[in-house]
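Structure first, then comments.
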Amino acid sequence: MDANAPPLLDLTIDNITPNAVRINSQSNDARLTYLMDRLTTHLHDFARETRLSTDEWMAALQFLTKCGQICTDVRQEFILLSDILGLSLLVDAINHPKPPLCTEGSVLGPFHTHDAPTIPNGSSMSSDPEGEPLLVACTIRDTQGHPIPGVKIDIWETDSSGHYDVQHADRDGPSERCVMTSDANGEFWFKAVKPVPYPIPNDGPVGKLLGLLKRHCWRPSHMHFMFEKEGWDHLITALYLRGDPYETSDAVFGVKKSLVVDLAKVDGPTARRYGIEEGSWYLQRDFVLASTKEADDLRDRNAMEELAKLGLNMKLVDHLPVPDLD
């Protein structure tokens with residue numbers, strides 16, 4: 001330990017916070033120091049404000065322990081916890097603000113995997129014989145309306161029973177998920193099944209917490225999309241079906257009005273063009289991506305405006321605020 005570190009003696013309710021902040025302020029990483037300062041301050045203030053009891057503190061530790069114990073390679077209880085607290089959506093909104101006309105973001109959720117197959121345009125990402133056939137045809141453009149080719153798109157959804165493939169004990173490979181690349185016209189299209197509402201995993205500590213809060217565990221019908229290309233802001237989003245019974249009460253706060261869509265039915269010409277049965281469900285969507293510069297500039301402006309409102313003297317380092325001590 002640094003010989004100049006403050007002595008930690010005779011700590012009280014009133015002085016433990018500044019002392020904890022001081023002892024955690026010896027790093028050369030200004031951002032880490034700032035994060036620990038704010039985390040410690042807000043945690044201590046929470047404990048003082050609520051007069052947190054020893055039993056409640058221990059219950060919280062045991063809850064977090066159980067969250068860790070139930071996590072696996074295909075189940076992330078901590079992401080689920082972040083989702084139901086609204087933190088996931090908040091962090092995404094702060095880090096990936098969208099200029100006007102751009103597609104808004106939504107939550108990643110705990111069921112994205114890295115083993116989805118890469119498929120060409122026109123292929124099916126579903127092996128569910130019970131699902132209602134759905135054609136999805138999309139474009140990707142910039143804020144000026146120009147197509148963006150070569151975008152990697154991750155896509156995933158549940159099957160018709162409301163389960164992701166990783167929730168099936170007999171899973172022998174990915175299904176209802178794929179990776180695609182936009183073509184020279186910024187287009188991609190594929191076959192899937194009509195999304196259905198489903199419950200988030202509620203057999204673990206997060207589910208028990210929802211029960212204590214008298215909250216339901218359901219998500220509205222949706223399909224996930226994630227877009228990646230060098231020079232473009234990373235977009236994680238989803239499209240939600242209008243009229244779903246959980247459209248306005250999503251357990252993880254993911255729904256935004258701009259992401260709610262209507263399904264149509266495939267007509268004759270469309271059926272012939274895409275090789276799908278006439279009368280199938282049809283989802284068409286135009287996605288608009290922000291460039292990295294557009295998103296970074298907006299993120300920086302938003303950060304400085306909000307910090308100024310709080311009366312904080314800050315500067316940005318790699319687009320992240322740290323105290324301005326100069």
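The values are calculated or read from the model by the stated rules, or taken from the named source; none is laboratory data. None of these values were measured; they are calculated from a predicted model. Every residue, glycine among them, receives a Cβ derived from its backbone with ideal geometry; neighbour counts consider all protein chains shown.
Mind checking which residues of the range 260-284 are assigned to a loop (DSSP other than H, G, I, E, B) and either touching a helix residue (DSSP H, G or I) at 6+ places or on another chain (Cβ under 9 Å) or farther than 23 Å from residue 222 by Cβ (or both)?
266, 267, 275, 276, 277, 278, 279, 280
In the list 274, 282, 246, which residue meets the criterion of being closer than 25 Å to residue 116 by Cα, at pLDDT 95 or above and out of contact with any Cys (no Cβ under 6 Å at 6 or more places or on another chain)?
Only one candidate qualifies: 282.
Of all residues in the range 285-314, which are more than 21 Å from the chain's Cα centre (by Cα) and in a loop (DSSP other than H, G, I, E, B)?
Matches in the range 285-314: 310, 311, 312, 313.
Looking at (1) part of a loop (DSSP other than H, G, I, E, B); (2) under 18 Å from the mean Cα position of the chain (by Cα), find the lone condition where residue 243 falls short.
So residue 243 meets the others, but not (2).
Tell me, please, whether a residue that is touching a Lys or Arg at 6+ places or on another chain (Cβ under 8 Å), in a loop (DSSP other than H, G, I, E, B) and of a type in the set (A, V, I, L, M) can be found in the range 50-73.
Of the residues in the range 50-73, the ones touching a Lys or Arg at 6+ places or on another chain (Cβ under 8 Å) are none.
No, there is no match, as no residue in the range 50-73 is touching a Lys or Arg at 6+ places or on another chain (Cβ under 8 Å), in a loop (DSSP other than H, G, I, E, B) and of a type in the set (A, V, I, L, M).
Identify all residues within the range 74-97 that are modelled with pLDDT of 95 or more and not in a helix (DSSP H, G or I); write none if there are none.
Once the filter is applied, which keeps residues that are modelled with pLDDT of 95 or more and not in a helix (DSSP H, G or I), the range 74-97 yields 85, 86.
Conditions tested, residue by residue: (1) over 30 Å from residue 316 (Cα atoms); (2) under 26 Å from the mean Cα position of the chain (by Cα); (3) among the aromatic types (Phe, Trp, Tyr).
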position	(1), (2), (3)
29	no, no, no
32	no, yes, no
36	no, yes, no
41	no, no, no
58	yes, no, no
63	yes, yes, yes
66	yes, yes, no
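Answer yes or no: is there a residue in the range 213-236 that is over 30 Å from residue 101 (Cβ atoms) and in contact (Cβ under 8 Å) with a residue 40 or more places away in the chain.
To start, the set of residues in the range 213-236 that are over 30 Å from residue 101 (Cβ atoms) comprises 213-218.
Now narrow it down to the ones that are in contact (Cβ under 8 Å) with a residue 40 or more places away in the chain: 215.
Yes: the range 213-236 contains one or more residues that are over 30 Å from residue 101 (Cβ atoms) and in contact (Cβ under 8 Å) with a residue 40 or more places away in the chain.
Taking the criterion of being under 30 Å from residue 124 (Cβ atoms), outside any helix (DSSP H, G or I) and touching a helix residue (DSSP H, G or I) at 6+ places or on another chain (Cβ under 8 Å), would at least one residue in the range 315-325 satisfy it?
no
Residues that are in a loop (DSSP other than H, G, I, E, B), of a type in the set (D, E, K, R) and modelled with pLDDT of 95 or more: does the range 100-110 have at least one?
Filtering the range 100-110 for residues in a loop (DSSP other than H, G, I, E, B) gives 100-110.
Still in the running and of a type in the set (D, E, K, R): 104.
Add one more test, that the residue is modelled with pLDDT of 95 or more, and what stays is 104.
Yes, there is a match, as at least one residue in the range 100-110 is in a loop (DSSP other than H, G, I, E, B), of a type in the set (D, E, K, R) and modelled with pLDDT of 95 or more.
If the requirement is being at positive phi and surrounded by 14 or more Cβ atoms within 10 Å (Cβ to Cβ), which of these qualifies: 109, 105? Before you say what the answer is, go through the steps one by one.
Values: 105 fails: at positive phi.
Of 109, 105, the one residue that is at positive phi and surrounded by 14 or more Cβ atoms within 10 Å (Cβ to Cβ) is 109.
Could you say whether any residue in the range 184-197 is among the basic types (Lys, Arg) and in the same structural domain as residue 261 (by TED's automatic domain parsing)? Spell out how you get there, then give the answer.
We begin by selecting, within the range 184-197, every residue among the basic types (Lys, Arg); these are 191, 194.
Keeping just the survivors that are in the same structural domain as residue 261 (by TED's automatic domain parsing) gives 191, 194.
Taking every residue of the range 184-197 in turn, at least one turns out to be among the basic types (Lys, Arg) and in the same structural domain as residue 261 (by TED's automatic domain parsing).
Within the set of pairs 6+ apart or on separate chains, which have a first residue in the range 285-313 that is closer than 13 Å to residue 100 by Cα, a second that is of a type in the set (S, T, N, Q), and C-beta atoms under 6 Å apart?
Matching pairs, first to second residue: 287/103; 288/103.
Taking into account only those residues within the range 209-240 that are more than 14 Å from the chain's Cα centre (by Cα) and closer than 21 Å to residue 148 by Cα, which is surrounded by the most Cβ atoms within 10 Å (Cβ to Cβ)?
Checked the range 209-240; the qualifying residue surrounded by the most Cβ atoms within 10 Å (Cβ to Cβ) is 233.
Conditions (1) farther than 21 Å from residue 189 by Cβ; (2) among the hydroxyl-bearing types (Ser, Thr, Tyr), marked per residue:
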| position | (1), (2) |
| --- | --- |
| 71 | yes, no |
| 107 | yes, no |
| 120 | no, no |
| 123 | no, yes |
| 134 | no, no |
| 143 | yes, yes |
| 149 | no, no |
| 152 | no, no |
| 155 | no, no |
